[in-house]
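Read through the structure below, which is laid out as structure tokens, and then see the notes.
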DNA sequence: TGCCTATTTGCATGATTAGCCAATTATGTG
DNA sequence: CACATAATTGGCTAATCATGCAAATAGGCA
């Protein structure tokens, strides 16, 4: 594989990770994983920021290909497009746990 | 779980994802996954940025608990602390692939 | 049509990030 | 000790990001 292609691959992956790398967006993904679809208004309540802010977070997730949206009536419903988030989060969680262990070692 | 704790959990996860969310840092992780340990000087060649820049990328990965380092002589060697990166990347990759499919649909 | 609700977009602001060069620290070697 | 190498840190700039308010868009409904 050419260096150029390789570079593009890293950039693409990074852009997806970046889309996930925010507490509010992680929470959004979490909520969406519990339900089939949720409207912006309900998500806004969950997050507790201005609706415009939530809308922008959602559009970042959408641009990254993590969620999709559908407008029905005046409302817009968001849905997860990806089903593997659980394994991703379990990996992230293992970093967290590993860190805790490390910290305990330091303290003991 | 309290809302406060929940919030902290999202923040912690986000910080780990943020540490990974950069092409150069992904490349560093990739290289480190191929070898047991690599010194900063070698990693600098791979990345092709200034060594100071690479050093800062590495310290971000270290702060996130993704890599660890050991100084031997004048050199500092970095190692992955986490073994599950492969499953994480396969998830990311499935987002990429899903995107490609979507794009093909749009084009056809 | 006129008004209400849901959502997105424009704009301004403050905060964070990435990058390089230069300076500093630490180690090894003559 | 003097010098070279490896790595980190300080300082600066340009770019990107997060956020809220206000305005615009679009869909119901009387």
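Brief remarks follow.
- Tallying residues that are over 18 Å from residue A:92 (Cα atoms) and touching a residue at least 40 places away in the same chain (Cβ under 8 Å) within region B:28-60 yields 3.
- The residues on offer are A:59, A:24, A:69, A:55, and the sole one that is at pLDDT 95 or above, within 10 Å of another protein chain (Cβ to nearest Cβ) and within 14 Å of DNA strand D (Cβ to nearest atom) is A:24.
- So residue B:29, is it surrounded by 15 or more Cβ atoms within 10 Å (Cβ to Cβ) and within 13 Å of chain A (Cβ to nearest Cβ): yes
- Conditions (1) in contact with a strand residue (DSSP E or B) (Cβ under 9 Å, 6 or more places away or on another chain); (2) under 28 Å from residue A:22 (Cβ atoms); (3) within 13 Å of DNA strand C (Cβ to nearest atom); (4) touching a residue at least 12 places away in the same chain (Cβ under 8 Å); number of the one not met by residue B:63: (1)
- Qualifying residue in region B:77-87 (condition: assigned to a helix (DSSP H, G or I) and either free of Cβ contacts under 8 Å to residues at least 12 places away in the same chain or more than 14 Å from every other protein chain (Cβ to nearest Cβ) (or both)): yes
- Residue in region B:43-58 that is crowded, with 16+ Cβ neighbours inside 10 Å, part of a strand (DSSP E or B) and more than 10 Å from DNA strand C (Cβ to nearest atom) present: no
- Filter result for residue A:7 (within 10 Å of chain B (Cβ to nearest Cβ) and touching a helix residue (DSSP H, G or I) at 6+ places or on another chain (Cβ under 8 Å)): yes
The values are calculated or read from the model by the stated rules, or taken from the named source; none is laboratory data. None of these values were measured; they are calculated from a predicted model. Note that each Cβ is placed from the backbone with ideal geometry, even for glycine, and that neighbours are counted across all protein chains shown.
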